[in-house]
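The values are calculated or read from the model by the stated rules, or taken from the named source; none is laboratory data. On a predicted model such as this, the values are computed, not experimentally measured, just so you know. Cβ atoms come from the backbone with ideal geometry, glycine included; neighbour counts cover every protein chain shown. What goes into the accessible areas is simple: the full protein's heavy atoms, side chains included, and nothing from ligands, DNA or RNA. Shrake-Rupley method; radii C 1.70, N 1.55, O 1.52, S 1.80 Å.
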Amino acid sequence: MTPGEMDQVREDLEAFTAEMFEAFTRADQHRWGQAYVRGLLLDGRRKSVEPMAARLGEDGNRQALAHFVTSSPWSWAQVRARLAWRMHEAIAPTALIVDDTGFLKDGDASACVSRQYTGTAGKVTNCQVGVSVHLARDHASTPVNWRLFLPKSWDPASPQADPLKVARRDRCGIPADLGHVEKWQLALDMIDETRSWGVDVPLVLADAGYGDAVAFRLGLNQRGLHYVVGVSTTPTAHPAAASPVTPPYSGIGRRPVARYPDPARSVKALAIEAGRGSAKPVSWREGSRPGKGRTGLKRMYSRFVALRIRPAGREIRDATEGVELAECWLLAEWPAKEAEPVQFWLSDLPADTPLTTLVRLAKLRWRIEHDYREMKQALGLAHFEGRTFNGWHHHVTLTSLAHAFCTLRRLAHAPKDTAPA
């Protein structure tokens with residue numbers, strides 16, 4: 001925002017931040033919290049403390065802003081809970097979306113920085129990785145929870161621990177009891193925390209980085225949550241019509257147990273066996289290019305195969321009571337010009353779920369990419385220059401508030417047919 005635009009919304013911003021910071025007991029925390037969010041919203045190439053302070057006029061106290069984000073003892077969980085309550089009401093979300101994003105770093109002094117893969121760079125590079133949970137529906141989304149991923153190199157209990165990184169834990173303020181936890185488990189932990197705040201959304205979306213983790217899908221099942229998650233080509237399954245068969249007993253040794261007579265096959269093989277002719281055209285939303293949609297934009301369109309299958313594998317068998325594996329949906333995108341499917345999802349939504357619903361929900365994951373892009377390009381998500389664990393969590397929380405404020409303004413000016421019911 002320009003300074004003039006900020007003047008027009010400043011009263012609304014102050015009311016919003018007062019609500020988000022209601023648990024703060026000190027006036028200076030309210031002042032510098034509001035100033036920090038305002039600094040994130042104001043135009044500028046860098047949104048680290050020093051350039052923000054230069055743009056904030058009477059609130060441009062660099063030392064006070066740095067102390068607030070890095071050292072001030074305020075609870076990010078309390079602020080996120082209030083954010084989740086407000087945005088759950090405003091967005092009326094149809095799903096929680098889980099993903100992670102990279103924070104590229106030149107040095108190695110920041111908490112949890114390591115050489116690791118991030119989709120942000122599309123390669124292994126020096127970075128931090130944050131896992132986030134977003135409330136989402138077709139026309140709006142916003143992050144409400146975050147975790148900083150701690151690589152094994154930072155975990156003193158890991159065989160892969162790096163002594164230099166372990167030695168930096170105290171300087172970075174990493175809690176002594178915090179060890180390496182897989183990203184899918186961090187996502188489950190955040191979902192549990194979000195539900196503990198009274199924000200309960202019964203559907204979870206994620207890409208193959210999470211969907212390929214059987215334990216993640218089972219964890220969602222155990223929590224009574226449905227899912228639509230991307231998977232790679234390699235997970236195996238049986239067709240839904242397959243049934244376990246008990247071989248005849250020979251009279252010698254143990255009695256045979258029921259098992260599926262044919263080996264499980266990859267989801268890609270099952271989709272290809274269904275054939276190109278089984279793919280049906282589906283349009284799920286309007287994109288950004290000019291076209292013939294009702295808003296003058298081109299509709300997103302492709303062809304999809306939807307099959308009922310029974311996912312297999314040792315983890316699934318061990319978690320299954322009885323011998324019959326549970327059914328779920330396999331959704332495969334098979335564009336008309338492609339020789340084989342190009343993308344796959346699994347979903348445990350009911351068997352009567354329409355294809356259009358499966359596709360719309362699978363494709364709704366684009367909202368989290370939209371949020372990351374906006375937060376990094378316009379709101380300074382990746383501009384934090386502090387090195388502490390608390391500072392990182394404070395900064396991403398405050399950036400989430402700035403993003404939520406923008407989202408609320410868009411919803412307030414959205415056409416009635418795109419606003420939440």
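Points worth noting:
- Stretch gain in nm, segment Arg26-Glu50, where the contour uses 0.36 nm per residue and the Cα spacing is subtracted: 6.3 nm
- In this entry, the chain is assigned a mean projected area of 24.8 nm², taken as a quarter of its C-alpha convex hull surface.
- The lysines whose alpha-carbon is closer than 16 Å to the alpha-carbon of Lys183, local same-chain residues fewer than 8 away aside, are Lys152.
- Degrees between helix 27-41 axis and first principal axis of the chain (Cα, 0 to 90, nearest 10): 70
- Rounded to the nearest 5, the antiparallel percentage of DSSP beta bridges internal to the chain is 90%.
- The order of the peptides 12-21, 362-371, 257-266 by mean Cβ neighbours within 10 Å, most packed first, is 362-371, 12-21, 257-266.
- Remark: the Arg62-Arg285 segment gains 75.9 nm on full extension, using 0.36 nm per residue and subtracting the alpha carbon distance.
- Most mobile of Leu164, Leu270, Leu83 in a GNM of the chain (Cα contacts under 10 Å): Leu164
- Mean residue ellipticity (222 nm) of the chain, computed from DSSP H runs ≥ 4 via -39,500 (n - 2.57), nearest 500: -11500 deg cm²/dmol
- Nearest 10 degrees, 0 to 90: helix 76-91 Cα axis against the chain principal axis: 70
- For the pair segment 107-166 and segment 32-99, the centres of their Cα atoms are 20 angstrom apart.
- Normalising the average separation of contacting C-alpha pairs (under 8 angstrom, six or more residues apart) by the number of residues puts the relative contact order of segment 51-158 at 22 percent.
- With the charge dipole of the chain set up from +1 on Lys and Arg Cβ and -1 on Asp and Glu Cβ about the Cα centre, the Cα lying farthest toward the positive end among the listed residues Thr233, Gln29, Ala167 is that of Thr233.
- For segment 25-176, the solvent-accessible area of protein heavy atoms averages 43 Å² per residue (probe radius 1.4 Å; ligands and nucleic acids excluded).
- Computed from backbone phi, the HN-Hα couplings of segment 300-307 come to 6, 8, 6, 10, 9, 10, 10, 10 Hz, rounded to whole numbers (Karplus: 6.51 cos²θ - 1.76 cosθ + 1.60, θ = phi - 60°; Gly and Pro given as x).
- Across segment 247-264, rounded Karplus estimates of 3J(HN,Hα) from the backbone phi angles (6.51 cos²θ - 1.76 cosθ + 1.60, θ = phi - 60°) give x, x, 7, 7, x, 10, x, 5, 5, x, 9, 5, 8, 6, x, 10, x, 5 Hz, Gly and Pro being marked x.
- Point-charge dipole on Cβ atoms (K/R +1, D/E -1) for segment 11-109, about Cα centre, debye to 20: 180
- Considering only Arg38, Arg299, Arg147, the Gaussian network model of the chain with Cα springs below 10 Å gives its largest mean-square fluctuation to Arg299.
- Separation in nanometres of the label points that stand 7 Å from Cα toward Cβ, at Val9 and His370: 1.6
- When all alpha carbon pairs of segment 48-98 are counted in 5 Å bins from zero, the resulting P(r) reads 4, 17, 16, 13, 13, 16, 14, 6, 1 %.
- Carbon plus sulfur fraction of accessible area for the chain, probe 1.4 Å, in percent: 51
- The chain: angle of helix 163-172 to the longest principal axis, Cα-based, in degrees nearest 10: 50
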